[in-house]
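Bear in mind that the values in this text are calculations on the coordinates, not laboratory data. Please read these numbers as outputs of a predicted model, since none were measured by experiment. Cβ placement follows ideal geometry from the backbone for every residue including glycine, while neighbour counts extend to all protein chains displayed.
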Amino acid sequence: MQQDSKTVSKEYVYINGIKQGLILETTDENLPVLLVVHGGPGYPLYPIVQANDVQFHHLFTVCYWDQRGTGLSYTSDKKGLTIDQLVNDTIEVSNYLIQKFSKEKVYMMGHSWGTIIGSKAASIRPDLFHAYIGVGQIGSQSASEKETYNAISEKVRATGNEKWISEINSVNYSDAYYKDRKYFTIVDKSRNKFGGGFLREGYPNSQGLRDVFGTRQYSLKERMNVFRGLAIAYQAFGEKMAKTDLTTEISEINTDVYIFQGRHDYLTTHRQALRFYDHLKAPKKNFYTFENVSHTPFIEEQSAFLEKLQNEVLSS
C-alpha cells in the first residue's frame, strides 16, 4: 500500500512459537530500522500514531509490533504472558528485523509499559541496538503513582470546585492502588481533566475507541482484539507493573540511551524517569525534557521530537 510515497505493510511472523503481527512503514528501506515497543500493557501504539499522523517513517523504516496477547498478536492463552517472555519476544523481533532488512543493528523505542520490556531487552542484548530510546520512561511505578495522586489532588483542590474536590478526596493512594477500580476511575478522570494523561489536553476513552476502530490496517477482529488484549494484559501484568522499579532492576545498558520525557507526565512521572536515568550507566546517555508535554511528546511536540531524533540520536 502506497500513501504519499510511504509504504505500509502488515505481516505475521512466528516469534518464540506464537504468530505475532507487525505493521511496517517506510519511505526507503535503506533507512535505519526503528522497533517500537508499545505501552499499555496490551495497548498497541500504531492506531494512535496513525490517527495523529506521526512521521517516524521519514527518518526510519518503522516496525510497530503488537506484543503477544493483543491486537495483531492476540491470543487468549495467558501462559506466555510474562515479562521475561515479552523481553525474549522483543529480542527475537529485533533479530528478525536485522535479518529482514540486512542491518547490523536496529534502534528501539519503548513507550510507557514498553520501557520496562525495552530497557530489559537492551540490557540483555545491547549488541542488537544502536540505541535504546525511552519515552514515558518508568522508574518506580508505585512512586510515580503516588506523585501523580498528590499532584492531581493539588490541581483539583486549587479549583475550589466542591464536587471535584469531594470526588478526589474519596480515594487515596495505597501500595495496592492497582486493585482499586474506584481509585483508577477517579484519578484517571481527574488526570484527563487537569492535564497529565496520555495527552496533556486529555485523551478520553471515546477517543481511544475512535483511534483503534479507525485503523485501516487492522481487521475488525483485530480491532476488537486490542480491547480483549488490554483486559488480559492487565490481569497478567497490572500488579507486576505497579511493583516495578527499574532503577534497582537495571543498573547498566551497554548501548546509547536517550530518554524523552514530558514535564507534565502523570502516567509515568518526570521525577521517576530522571531517577532511572541518573542511576543508569551507559556509554552515552541524554535526557530531554519537553516542558509543555505529558505522556506522548512524539504527538504533542512532534516537530521538536523528530528534530532531536534526527540531530541527536541518528547523528551519534
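Residues in region 124-137 carry Karplus couplings, in order, of 7, 10, x, 5, 7, 10, 4, 6, 9, 10, x, 10, x, 5 Hz; the curve used is 6.51 cos²θ - 1.76 cosθ + 1.60 with θ = phi - 60°, and Gly or Pro positions show x.
Phi-derived couplings, Karplus 6.51 cos²θ - 1.76 cosθ + 1.60 at θ = phi - 60°, listed residue by residue for region 15-22: 10, 6, x, 10, 5, 10, x, 10 Hz, with x used for Gly and Pro.
Protection proxy ranking, highest mean first, for peptides 122-135, 71-84: 122-135, 71-84, where packing is the per-residue count of other beta-carbon atoms within 10 Å, averaged. If you wrap the tightest convex hull around every Cα atom of the chain and split its volume per residue, you get 122 Å³.
The local environment of S73, defined by Cβ-Cβ distances under 10 Å, has a net charge of -1 under the rule Lys, Arg +1 and Asp, Glu -1. Across all Cα atoms of region 1-129, the radius of gyration (one decimal) and Dmax (whole number) stand at 13.7, 42 Å. Give me the distance between the Cα centres of region 245-285 and region 90-143, rounded to whole Å. Measuring centre to centre over Cα atoms gives 13 Å.
Once you charge only the Cβ atoms, +1 for Lys and Arg and -1 for Asp and Glu, what is the size of the charge dipole of the chain about its Cα centre, to the nearest 20 debye?
On the way: 36 positive and 36 negative charges, 154 e Å.
The dipole of the chain has a size of about 740 debye.
Per-residue ellipticity at 222 nm computed for the chain from its helices equals -13000 deg cm²/dmol, with DSSP H segments shorter than 4 residues left out and the rest contributing -39,500 (n - 2.57).
Straight-distance candidates among the lysines for linking to K155, with alpha-carbon spacing under 20 Å and chain neighbours fewer than 8 residues away dropped: K146, K163, K182, K189, K193.
Each of T159, Y178, A143 was scored by the projection of its Cα onto the charge dipole of region 143-194, and the greatest displacement toward the positive side belongs to T159; charges sit on the C-beta of Lys, Arg, Asp and Glu.
For F290, the residues 5 or more places off, or on other chains, whose built amide H falls under 5 Å of its own are Q261, G262, R263. The angle between the Cα long axis of helix 270-279 and the longest principal axis of the Cα atoms of the chain comes to about 50 degrees, rounded to the nearest 10.
Within 14 Å, Cβ to Cβ, of V212, how many net charges do the neighbouring residues add up to if Lys/Arg are +1 and Asp/Glu are -1?
Once positives and negatives cancel, what remains is +2.
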